[in-house]
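Remarks on the structure that follows.
The values are calculated or read from the model by the stated rules, or taken from the named source; none is laboratory data. Quick caveat: nothing in here was measured; it's all calculated off a predicted structure. Using ideal geometry, Cβ is built from the backbone for each residue, glycine included, and neighbour counts are taken over all protein chains shown.
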Amino acid sequence: MVSTSLEIQMGKADVLPRKLYKYRHVDEKTKAVVTEQKIWAPSPSSINDPFDCRIQINAKCSPDDFEKAIKQNHVGLKTCLNESRKLNPRWEDRQHIDSMFSRRDDPLMLEKAYQLIKKHADSTGILSLSATRDEILMWSHYANDHKGVCLEFDTTVGHALFCNARRVRYKHRLPAFPLFELDLTEIVRRSVLRKAKNWKYEKEWRVLIKKANYCTSLPNNCLTGIILGVNISDKDKQAVFEWCHTLDIPPRVYQAEVSNERFALEIDEIELPPERTLEPQPRPEPGPGQ
């Protein structure tokens with residue numbers, strides 16, 4: 001199987017959990033996860049956090065480092081050089097570079113660099129997962145106010161995908177990158193794993209996918225459990241049961257309930273009901289004249 005994920009260097013403190021979870025509405029995309037082993041990987045700009053992949057650029061550098069960065073086309077600096085050549089065709093390259101260097105901390109120039117980074121980031125899909133299955137806020141935010149489900153994945157199944165899952169770090173400040181060291185691919189790989197401390201409760205792990213807004217394939221049988229939300233409707237619960245019956249090895253099914261003692265959820269396994277069969281309908285009796 002060819003991996004569609006991008007490798008990210010794992011930190012020393014990262015130990016991949018045996019189980020990772022995905023909170024979901026009961027909809028067609030969730031059905032595809034269960035019945036087709038396909039999961040949606042959105043681009044950073046379509047995620048609910050406007051700070052996702054946002055960075056700060058440190059423009060302090062020497063003229064030599066700046067010129068080296070242009071030659072390596074860091075954050076599109078070579079493109080900026082070409083634009084400068086069009087605006088001032090009589091200048092020598094040395095004049096263009098010196099002019100750009102004098103404006104390296106210009107907010108407009110830095111914003112242009114950021115937009116190039118954003119464009120590159122948005123070509124990459126993000127598969128967001130969580131190390132916890134009973135976070136009340138995540139049930140509210142991502143599982144339709146507890147009317148959805150939480151999908152459980154075994155990370156030891158299908159090494160090619162989950163081996164590239166990396167833990168998100170939560171900080172107060174945006175990740176900073178020196179202008180002369182910027183490499184678009186490396187920026188995306190590092191910035192995607194940094195979020196504001198406000199999100200710490202999510203205990204998020206991420207896999208970068210080579211294509212954004214794309215359904216990537218999951219390893220067979222990696223879906224090992226489906227947790228039904230406290231407020232799931234009978235109709236959606238029956239739909240989940242029917243999805244499970246399409247699989248040779250159905251996942252375990254759990255029901256979340258509100259604790260009577262704490263602000264917490266209690267999750268217990270339930271038996272998957274037998275597959276429903278349609279009973280033959282009685283034939284209508286012929287009416288008069290038939």
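Count, please, the residues in segment 194-213 that happen to be modelled with pLDDT under 95 and in contact with a Pro (Cβ under 9 Å, 6 or more places away or on another chain). Qualifying residue count, segment 194-213: 3.
Within segment 223-246, residues that are over 18 Å from Asp268 (Cα atoms) have Cβ atoms under 8 Å from residues that are part of a loop (DSSP other than H, G, I, E, B) and at pLDDT 95 or above in these pairs: Asp236/Val26; Asp236/Lys147; Asp236/Gly148; Ala239/Val26, counting only partners at least 6 apart in sequence or on another chain. If you go through segment 195-216 and keep only what is in contact with a Ser or Thr (Cβ under 9 Å, 6 or more places away or on another chain), over 18 Å from Gln37 (Cβ atoms) and surrounded by 17 or more Cβ atoms within 10 Å (Cβ to Cβ), you end up with Glu202, Lys203, Glu204, Trp205, Arg206, Leu208, Ala212. For residues that are of a type in the set (Gly, Ala, Ser) and in contact (Cβ under 8 Å) with a residue 12 or more places away in the chain, scanning just segment 113-145, find the one that is nearest to Leu265 (Cα to Cα). Per the criteria, the residue is Ala143.
If you go through segment 230-265 and keep only what is among the hydroxyl-bearing types (Ser, Thr, Tyr), surrounded by 16 or more Cβ atoms within 10 Å (Cβ to Cβ) and assigned to a loop (DSSP other than H, G, I, E, B), you end up with nothing.
The residues on offer are Gly148, Gly125, Gly76, and the sole one that is surrounded by 19 or more Cβ atoms within 10 Å (Cβ to Cβ), among the small types (Gly, Ala, Ser), at pLDDT 90 or above and farther than 30 Å from Asp234 by Cβ is Gly125.
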